[in-house]
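A.B. asks: The structure's right below; bear with me while I get my questions together.
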Amino acid sequence: MNSGLKALVVLMRASQMVQDVLRKDIKAYGLNTTEFAVLELLYHKGDQPIQHIGKKILLSSGSITYVVDKLEKKGLIVRKDCPKDRRVTYAVLTHSGKRFIDEVFPRHEKTVDSIFEELSEEELETVTCLLKKIGLHASKK
């Protein structure tokens, strides 16, 4: 097997294992990964136009509507009309949603940290740089 194929197999297997750990962690909070991604985005970036959420978490607009509906039913977010543009609707964390993510995000962050605990800070920086380089190069294809 050539070195490019070997690297691809290792990358894909590692990615799958990391995703499995994260899915299990997020499921323990009663969410799926997409719901968690929306809450995390709102938590860190504030209110977001629903139309832009999909681009930020790499999901189709139809799927975002479904996820926003589910989070709204759980009382974690609400829709809020933009006062300046009636075509724009924002997703906004509720007080309950903010409390929820305040509680679970630190635990999730510990899970993420545990995935990378085998690497030194220098190794983490190297991996990050190399993965960015691969992604940027692949995006040009």
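A.B. asks: Using only the alpha carbons of region 12-79, determine the length spanned along each of the three principal axes and report them from longest to shortest in whole angstroms.
C.D. replies: 37, 23, 22
A.B. asks: Let me ask you something else. Expressed as a whole percentage, what fraction of the accessible surface of region 7-85 belongs to carbon and sulfur atoms when a 1.4 Å probe is rolled over the protein heavy atoms?
C.D. replies: 59
A.B. asks: Out of 23, 107, 86, any idea which swings most in a Gaussian network model of the chain, alpha carbons joined below 10 Å?
C.D. replies: 86
A.B. asks: Return the calculated 222 nm mean residue ellipticity for the chain, to the nearest 500 deg cm²/dmol, obtained by summing -39500 (n - 2.57) across DSSP H runs with n ≥ 4 and dividing by the residue count.
C.D. replies: Rounded to the nearest 500, the figure is -23500 deg cm²/dmol.
A.B. asks: To the nearest 0.05, what FRET efficiency results for residue 7 and residue 32 with a Förster distance of 25 Å applied to their C-beta separation?
C.D. replies: 0.25
A.B. asks: What are the equivalent ellipsoid semi-axes of region 65-121, built from the alpha-carbon gyration tensor (square roots of five times its eigenvalues), in whole angstrom, biggest first?
C.D. replies: Taking √(5λ) for each eigenvalue gives 32, 14, 10 Å, largest first.
A.B. asks: Let me ask something else about it. In Å², what does the accessible area per residue of the chain work out to with a 1.4 Å probe?
C.D. replies: 73
A.B. asks: Using every pair of alpha-carbon atoms in the chain, split the distances into 10 Å bins beginning at 0 and state the percent of pairs per bin, rounded to integers.
C.D. replies: Final binned percentages: 10, 32, 32, 20, 6, 0.
A.B. asks: Right, here's the next one. Can you give the accessible area of residue 17, probe radius 1.4 Å, in Å² rounded to 10?
C.D. replies: Number for this one is 120 Å².
A.B. asks: Which residue, 39, 71, 130, has the most motion in a Gaussian network model of the chain that connects Cα atoms within less than 10 Å?
C.D. replies: 130
A.B. asks: Straight distance only, please: which aspartates and glutamates reach the Cα of residue 132 with their own Cα at less than 15 Å, same-chain residues fewer than 8 apart left out?
C.D. replies: Result set, ordered by chain and number: 123.
A.B. asks: Under 17 Å Cα to Cα from residue 56, which aspartates and glutamates show up? Leave out anything in the same chain fewer than 8 places away.
C.D. replies: 35, 40, 47
The values are calculated or read from the model by the stated rules, or taken from the named source; none is laboratory data. Note that the structure is predicted; figures quoted are calculated from it, not measured. Cβ sites come from the backbone with ideal geometry, for glycine too, and all protein chains shown count toward neighbours. Note: accessible area is taken over every heavy atom of the protein model, side chains too, but ligands, DNA and RNA are not part of it. Shrake-Rupley method; radii C 1.70, N 1.55, O 1.52, S 1.80 Å.
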